[in-house]
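Trainee: Here it is, the structure, as structure tokens.
The values are calculated or read from the model by the stated rules, or taken from the named source; none is laboratory data. On a predicted model such as this, the values are computed, not experimentally measured, just so you know. Cβ: placed from backbone, ideal geometry, glycine included. Neighbour counts: every protein chain shown.
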Amino acid sequence: MIRVLVVDDSAFMRNAISSYLTQDAGIEVVGTARDGVDCLEKVKQLQPDVITLDLEMPRMDGLETLKQLMSTSPLPVIMISSLTEFGAEATLKAMEAGAMDFIPKTMANDKEAFGDEIRRKVKLLARRKAFIRLKYSSQRQTRKPSPLPSTSPASTAPHTSHFSSPASPSSPRSGGGISRPAGTGALHGGSFSSGQGMPTTTRTSTARCRGPRDIVVIGVSTGGPPVVQKILSALPANLPACILVAQHMPASFTGPFAKRLDGVCALSVTEAANGDKLVNGHAYICPGGRHIGVQMRGPLAEVLVTDEPKSALYKPTVNLLMETAGKCMGRRVLGVMLTGMGSDGVDGARVLKEKGGWLIAQSEATCVVYGMPKAVVDAGLADQVVDADDIAEQIIAAVKG
């Protein structure tokens with residue numbers, strides 16, 4: 001039985017969420033709380049497995065509540081968010097602070113869809129309770145001051161400056177364009193065929209990507225914003241490749257997400273528009289509710305932003321991104337499949353591989369949800385399976401060849 005604590009300052013929302021959750025016999029709402037102070041007290045008393053948490057509450061808001069939870073009693077938390085600009089920014093901060101996923105409050109207008117979504121996410125994320133506790137326990141250990149700071153690993157990490165230092169004049173935020181159509185052909189390398197039973201140690205294969213690769217396509221869903229930020233902020237401004245990201249996210253969130261990334265990355269990051277040029281040192285985030293891919297305009301490749309296919313289950317769909325990149329750019333493509341539920345992207349990844357692309361999958365040990373990476377691993381399409389902390393390093397090595 002999954003024990004859930006529902007936190008919202010609205011009595012109507014507390015009752016509605018509780019009602020939707022208890023329609024599943026495997027879920028028990030063990031209590032409700034009207035604000036953050038009440039929540040922290042109830043967590044101690046009730047020991048829930050999952051918390052649904054409102055953002056805007058009196059006395060203590062959702063973000064501060066979340067920070068205190070993760071420092072004292074780490075648990076899977078689902079944010080219940082408004083779709084305003086403020087709500088989007090606050091939700092992104094909440095995911096950085098430890099929330100595993102979010103559900104827009106506007107979904108409550110469709111009772112059936114809202115109920116299905118909240119039950120599905122609660123059941124899925126409840127399985128990650130031990131993962132959350134281990135993760136934050138490890139973080140608390142690494143935060144302890146080192147007696148020899150000059151020799152600590154953090155002091156020599158090559159990417160730490162990318163979080164705070166702007167690009168230097170000799171490393172412009174925008175590099176050269178990408179202009180040549182791709183060739184195709186098979187690319188040989190080690191491939192993992194099963195994602196079952198992976199240990200928590202780094203799972204980087206011995207296979208080495210043959211490069212250079214000057215376009216990187218990233219597919220990601222549940223739990224994605226923090227890991228996308230981790231990866232992009234560790235890349236240099238003069239990266240000799242362009243990056244396209246398909247993140248499953250509502251339309252009102254992708255603009256603030258791109259703006260937030262642009263503020264912490266040495267790379268330039270913007271929300272994509274149809275016809276954007278593929279520029280080295282630049283990352284494009286697909287607008288929510290639309291699709292992103294690559295198209296040819298004469299001899300030049302450029303960004304495709306489209307409403308088609310309208311029938312796609314996910315918008316954006318990772319399938320379109322990886323398929324079009326593979327067809328247009330062939331051996332010049334590096335695909336990266338990150339955390340997310342479901343199997344979106346596996347069909348596109350198959351085309352990408354057929355055209356000579358290389359594919360990295362995030363390791364099970366570091367995924368919030370090991371669905372999308374598992375699908376490509378199980379299909380034998382992943383050339384490397386890599387922990388989140390090491391993906392940026394692998395991207396740099398691949399694009400430089």
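Trainee: Checking Lys111 against (1) surrounded by 20 or more Cβ atoms within 10 Å (Cβ to Cβ); (2) at pLDDT 85 or above, which single condition isn't satisfied?
Mentor: All conditions are met except number (1).
Trainee: Still on this structure, please answer the following. Please enumerate the residues belonging to the range 61-86 that are surrounded by 24 or more Cβ atoms within 10 Å (Cβ to Cβ) and closer than 16 Å to Thr254 by Cβ.
Mentor: Within the range 61-86, Ser81 is the sole residue that qualifies.
Trainee: Go over the candidates Arg213, Arg260 one by one and state the one that is in contact (Cβ under 8 Å) with a residue 24 or more places away in the chain, touching a Lys or Arg at 6+ places or on another chain (Cβ under 6 Å) and not in a strand (DSSP E or B). Talk me through it step by step, then tell me what you get.
Mentor: Working: Arg260 fails: touching a Lys or Arg at 6+ places or on another chain (Cβ under 6 Å).
Only one candidate qualifies: Arg213.
Trainee: Only one residue in Val368, Val385, Val351, Val376 is touching a Lys or Arg at 6+ places or on another chain (Cβ under 9 Å), part of a helix (DSSP H, G or I) and under 20 Å from Gly224 (Cβ atoms), so which one is that? Step through it out loud before you land on a result.
Mentor: Values: Val368 fails: part of a helix (DSSP H, G or I); Val385 fails: part of a helix (DSSP H, G or I); Val351 fails: under 20 Å from Gly224 (Cβ atoms).
When all the criteria are applied, what remains is Val376.
Trainee: Of a type outside the set (Gly, Ala, Ser) and modelled with pLDDT under 95 - does that describe any residue in the range 314-321? Steps first, please.
Mentor: Taking the range 314-321 as the starting set, the residues that turn out to be of a type outside the set (Gly, Ala, Ser) are 314-321.
Pick out the ones that are also modelled with pLDDT under 95 and you get 314-315.
Yes, some residue in the range 314-321 is of a type outside the set (Gly, Ala, Ser) and modelled with pLDDT under 95.
Trainee: If you don't mind, there's one more thing I want to ask. Among the numbered criteria (1) of a type outside the set (Phe, Trp, Tyr); (2) surrounded by 16 or more Cβ atoms within 10 Å (Cβ to Cβ); (3) assigned to a helix (DSSP H, G or I), which single criterion is violated by Val30?
Mentor: Val30 satisfies all of (1) of a type outside the set (Phe, Trp, Tyr); (2) surrounded by 16 or more Cβ atoms within 10 Å (Cβ to Cβ); (3) assigned to a helix (DSSP H, G or I) except (3).
Trainee: Which one of the conditions (1) buried (at least 20 other Cβ atoms within 10 Å of the Cβ); (2) in contact (Cβ under 8 Å) with a residue 40 or more places away in the chain; (3) under 24 Å from Pro236 (Cβ atoms) does Asp344 fail to meet, given that it meets all the rest?
Mentor: (3)
Trainee: Of all residues in the range 87-116 being acidic (Asp, Glu) and within 14 Å of Met249 (Cα to Cα), which is nearest to the chain's Cα centre (by Cα)? Even if it seems obvious, please write down each step before you answer.
Mentor: Here is the first cut: in the range 87-116, the residues acidic (Asp, Glu) are 89, 96, 101, 110, 112, 116.
From the residues that got through so far, the ones that are within 14 Å of Met249 (Cα to Cα) too are 89, 101.
Working: Glu89: 16, Asp101: 10 Å.
Restricting to residues being acidic (Asp, Glu) and within 14 Å of Met249 (Cα to Cα), the top hit is Asp101.
Trainee: Please determine, by comparing only the residues of the range 213-234 that are closer than 17 Å to Pro316 by Cβ and among the hydroxyl-bearing types (Ser, Thr, Tyr), which one is modelled with the lowest pLDDT.
Mentor: Thr222
Trainee: Still on this model: Taking only the range 282-333 into account, find how many residues are assigned to a loop (DSSP other than H, G, I, E, B) and touching a Cys at 6+ places or on another chain (Cβ under 8 Å).
Mentor: 1
Trainee: Is the range 41-54 home to any residue that is more than 26 Å from the chain's Cα centre (by Cα), more than 19 Å from Arg120 (Cα to Cα) and not in a helix (DSSP H, G or I)? If you could, list the steps in order and put the result at the bottom.
Mentor: At the first step, the residues of the range 41-54 found to be more than 26 Å from the chain's Cα centre (by Cα) are 41-47.
Keeping just the survivors that are more than 19 Å from Arg120 (Cα to Cα) gives 41-47.
Still in the running and not in a helix (DSSP H, G or I): 47.
Looking through the range 41-54, at least one residue is more than 26 Å from the chain's Cα centre (by Cα), more than 19 Å from Arg120 (Cα to Cα) and not in a helix (DSSP H, G or I).
Trainee: Counting just the residues of the range 237-273 that are polar (S, T, N, Q) and more than 15 Å from the chain's Cα centre (by Cα), which one comes out farthest from Ala325 (Cα to Cα)? Spell out how you get there, then give the answer.
Mentor: In the first step, residues of the range 237-273 are kept if they are polar (S, T, N, Q); the result is 238, 247, 252, 254, 268, 270.
From what is left, the residues that are more than 15 Å from the chain's Cα centre (by Cα) are 238, 252, 268, 270.
Numbers: Asn238: 22, Ser252: 26, Ser268: 20, Thr270: 19 Å.
So the residue we want is Ser252.
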